[in-house]
Amino acid sequence: MSVVSSAAADGFIQRLPKEIRFYLVHGPDEGLAHERVKAIIRNLIEGDADPLRLTRFEGDAVARDPGALADEAYAVLMFGGARAIWIDAQARDLLPALEPLFARPPSDCAIVVKAGQLRKGTGLRAAFETSAIRASIECYSDDANALEALIDAEARAAGLAIAPDARAALVALTGADRQTTRGEIAKLMLYARGKPAITAEDVEAIVSDAAPSNLDQVVDQALLGDLPAVETALTRFFHDGGEADHLMMRLVARLLLLHRLRLEMDQGRPFDAACQALFVKLPMPARRALAKQAERWTSESIAQRLPAVRQASARVRADSRLAEVLATRALWTLASRGRGGQ
C-alpha cells in the first residue's frame, strides 16, 4: 500500500517506484495536483515529447466508454517504450473502468488519475490505498515551510535575494493554490529583476496590490452574484491578456476555500475565527469580499456546484479554442444563481 502525504509527495515523485502502475493524485489544491501529475508523467515517459507516449482522457469519456481506456492501456508502440495515460476524473466514478486494469495491469503503461478532494476510505481513494502497485498522493495547500522553500528556490533561480520581511509577506499572501502561487512568485521575480534584493514594498506593490487583480475581480463578482459586473470584469480580463485556465483554477481554489470556511462556520465559528482556524491571511479588501461570499453561499450549495466547475476547468484546459467561451459560461452560471446557489 502506498499512501503518500502531501509533504512527502515531491520526493516520492522524483524517485517513482518501478512496481507502481497506477497513481491517484487528489486533494483540494487544484494547481498542486495538476503540477504533480505533470511531474509524474514527465518521469514516467522520461521527458519524451513523442505524443504517442501520452494519452489524455476526461472522466466523462471514460465513464461513457470504459473499453476505450482498456484499449489504450494495452496498446503497444511499434518501437516500444513506456507510455502513460492521464485521466481527469471530474468527479466521475471511474472504478468500473479501472477494476479490469487493476486485475490485469498493463505491462508498459502507467495510469495517472487526477481528482479533487476525496474522503478517506471510500470509493476511488480506497481502491488506490489498498494495493502495492497503486499510489494515492495527497495534494493539500502549501504550509508556511513549503512556501518558504518554494519562494527561496524561485528567487535563487532568478538570481535574486529576498529580504526576510518580504518572504514573510509573500507567504501570508499565497498558498491556497500552487499554480496561482507560482504565478504570483514569477510576477514578483520579473518586477524585481535588476534589483539587489526583493523587499516587502515589492511584494505589496505586485502581489497584494491595493486593488484586486482583474482575475480576482471576476471571481469575486461571480460568487457575489453580480452578473453585470461579471460581464464587465470578464471583458477587461480577456482584453488584458488574461488566460481562461488561470481564471478557472482560481475559481476552483476559491470555491474550495469557501467550502472549508463554511464547514468551519457550520460548527458555530464566526467568519474571522474560521479564517484563523484555516490560517487564511488576506489583504483587507480581499478578506471583505470573501466574508460577503461566505454569507451568500452555504457548504451544501458549494458542494453541489463544485463538480460542474471542476469539469468546466478541465474542459478549458483541454480545448484552448473554446477556453474563453467555456470559462465565461461557467462564471455566468455561478453569478446567475440565487442566494447561496439555491
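The values are calculated or read from the model by the stated rules, or taken from the named source; none is laboratory data. Here the structure is a predicted model, which is why all the values come from computation and not from measurement. Here Cβ is always computed from backbone atoms with ideal geometry, including for glycine, and neighbour counts include all displayed protein chains. Remember, those area values only see protein heavy atoms, side chains included, never the ligands or the DNA or RNA. Shrake-Rupley method; radii C 1.70, N 1.55, O 1.52, S 1.80 Å.
Assorted remarks:
- Dividing the convex hull volume of the alpha-carbon atoms in segment 241-296 by its residue count gives 89 Å³ per residue.
- Convex hull per residue volume in Å³, alpha carbons only, for segment 75-148: 140
- Rounded to the nearest 20, the Cβ-based charge dipole of segment 127-217 about its Cα centre (Lys and Arg +1, Asp and Glu -1) stands at 380 debye.
- Applying both filters, DSSP loop and at most 16 other Cβ atoms within 10 Å, to the trypsin sites (Lys or Arg not before Pro) of segment 186-263 gives R193.
- Computed over protein heavy atoms with a 1.4 Å probe, the accessible surface of the chain works out to 48 Å² per residue.
- Global geometry of segment 179-294, whether rounded, prolate or oblate, following the gyration tensor of its Cα atoms and the 1.5 cut on a/c: oblate
- For Rg and Dmax of the Cα atoms in Å, the value calculated from this model appears in [x] 20.7, 61; [y] 25.4, 91; [z] 21.1, 68 under label [x].
- Length, then width, then depth: along the principal axes, the Cα atoms of segment 115-226 run 51, 41, 19 Å.
- Of the peptides 37-45, 135-143, the ranking by mean beta-carbon count within 10 Å, highest at the top, reads 135-143, 37-45.
- Relative contact order %, segment 97-256, counting alpha carbon pairs below 8 Å whose residues are six or more apart: 17
- The stretch between A161 and K120 holds 10.7 nm of extra length on full extension. This uses 0.36 nm per residue minus the Cα-Cα distance.
- Within the accessible surface of the chain, defined with a 1.4 Å probe on protein heavy atoms only, the carbon and sulfur portion equals 53 percent.
- Each 10 Å bin, from zero up to the one with the longest distance, holds this percent of the alpha carbon pairs of segment 50-109: 22, 55, 21, 1.
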